[in-house]
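> Have a look at this one before I ask anything.
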Amino acid sequence: MYSLTDIKNSIPEEKIKIDKMDIWVYYFVRPASFYITWILLKMKCTPTKATLLSIFVGFFGSFLILFNQTSIIITGILFINLWIVLDCVDGNIARVTKKASVFGELMDAVSGYVYVSFLYLCIGTSIYLTQSVHIFAEQKWLYIFIGALASIASILPRLIEHKAKGMFPNFKSGITSRIDYSWKYKIGLNIGGMAGLCNPLLLIFFVVGYMDMYLIFYFLFHTAVAIFSICKTLWHLNLTYNN
């Protein structure tokens, strides 16, 4: 049976270095993931089962915030934050049990895609159905539209980069690879990364009654990042392969 020490020691130095770039991950998400990993290992959970659990938790949390009841919405937001922890758990299990696989990496990516695809759309729909707003009060339907665009902006750069990697084997991402992130990238990672501060901030903004402003901010943030990321990827591809 694996101990907490075994789980912690299975994290490679490079992974620890990457975690340190993200305050929320390093000080909360990763430590919390060790305990959940330990519990799931006692239940004979495999990496793939942990990934499937994370997909369910992320989807279920996004679904719960659609209800017009404060306690249910808060529960949904807590589930969303739990997804971030579970997203680390499958990797922990794979490393400590030495059962990492290409299929597991694929399922981990699917988990992230499901999370991003539904999160902001569900936030926008929740605002439209249940929340008071500070702007666009007469056009609350816009929040569904803004949420959909925010979800698209969050996932589109990744899809383009994955397509580029599939077509050009020597293509190296300067965006999804975090090894050489500058301080500007690190700030962006902490603000808007899937595992970053956006998750606890969602709970805070809901409690204080400003979830509409939260959505607008992250719509603008992800749109700006998407434009920059896509332009950088296409520029790099054109420079490298279109000569």
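Every number here is computed from the coordinates shown, using simple stated rules; none is lab data. Fair warning: this is a prediction, and the values are worked out from it, not measured in the lab. Note: ideal-geometry Cβ built from the backbone for every residue, glycine included; neighbour counts use all protein chains shown.
> Only Lys, Arg, Asp and Glu count, each charged at its Cβ (+1, +1, -1, -1), so figure out the dipole size of the chain about its Cα centre, rounded to 20 debye. Could the numbers behind the result be given before it?
On the way: 20 positive and 13 negative charges, 117 e Å.
Magnitude of the dipole: close to 560 debye.
> Step through the residues of the stretch 61-67 one at a time and calculate ³J(HN,Hα) from phi using the Karplus curve (6.51 cos²θ - 1.76 cosθ + 1.60, θ = phi - 60°), rounding each to whole Hz and writing x for Gly and Pro.
In residue order, the calculated couplings are x, 5, 5, 5, 6, 7, 7 Hz.
> Could you work out the relative contact order of the chain? I mean the mean sequence separation of Cα pairs under 8 Å and 6+ apart, divided by the number of residues, in percent.
On the way: 283 pairs, mean separation 53.5, N = 243.
Normalised by residue count, the contact order of the chain is 22 percent.
> Write down Rg/Rh for the stretch 113-243, rounded to two decimals, with Rg from the C-alpha atoms and Rh from the Kirkwood relation over Cα pairs.
Numbers: Rg = 16.6 Å, Rh = 15.9 Å.
Rg/Rh for the stretch 113-243 comes to 1.04.
> For THR5, THR46, THR233, which order do you get if you count the other beta carbons within 10 Å of each Cβ and list the fewest first?
On the way: THR5 9, THR46 16, THR233 20.
Ranking THR5, THR46, THR233 by Cβ neighbours within 10 Å, fewest first, gives THR5, THR46, THR233.
> In addition: Measuring from label point to label point, each 7 Å out along Cα→Cβ, what is the LYS232 to ILE191 span in nm?
That separation, rounded to one decimal, is 1.4 nm.
> Choose one of GLN69, PRO169, ILE84: the residue whose Cα lies farthest towards the positive end of the charge dipole of the stretch 63-172 (beta-carbon charges +1 Lys, Arg; -1 Asp, Glu; about the Cα centre).
My answer, from the dipole projection, is PRO169.
> For LYS15 and THR70, what does the FRET efficiency come to when R0 = 41 Å and r is the distance between their Cβ atoms, rounded to the nearest 0.05? Each step should come with its number before you reach the end.
Working: r = 37 Å, r/R0 = 0.91.
For LYS15 and THR70, the calculated efficiency is 0.65.
> THR223 versus MET1, label points 7 Å from Cα toward the beta carbon: distance in nm?
5.3 nm
> Among ILE160, ILE11, PHE217, whose Cα lies farthest out toward the positive end of the dipole of the chain, if unit charges sit on the beta carbon of Lys, Arg (+1) and Asp, Glu (-1)?
The listed residue farthest towards the positive side: ILE11.
> In 10 Å bins starting at 0, how do the alpha-carbon pair distances of the chain split up by percent?
That works out to 7, 29, 34, 22, 7, 1, in percent per bin.
> May I ask you to compute the full-extension gain from ILE160 to LYS140, defined as 0.36 nm times their residue separation minus their alpha-carbon distance, rounded to one decimal in nm? Show your work: numbers first, answer last.
Values: separation 20, 0.36 × 20 = 7.20 nm, distance 3.13 nm.
Between ILE160 and LYS140, full extension yields an extra 4.1 nm.
> Using the Cα centre of the stretch 29-169 as the reference point, and only Cβ charges (+1 on K/R, -1 on D/E), how large is the resulting charge dipole? Debye, rounded to the nearest 20. Kindly include the intermediate steps, with their values, before the conclusion.
Values: 11 positive and 6 negative charges, 108 e Å.
Using Cβ point charges on Lys, Arg, Asp and Glu, the stretch 29-169 gives about 520 debye.
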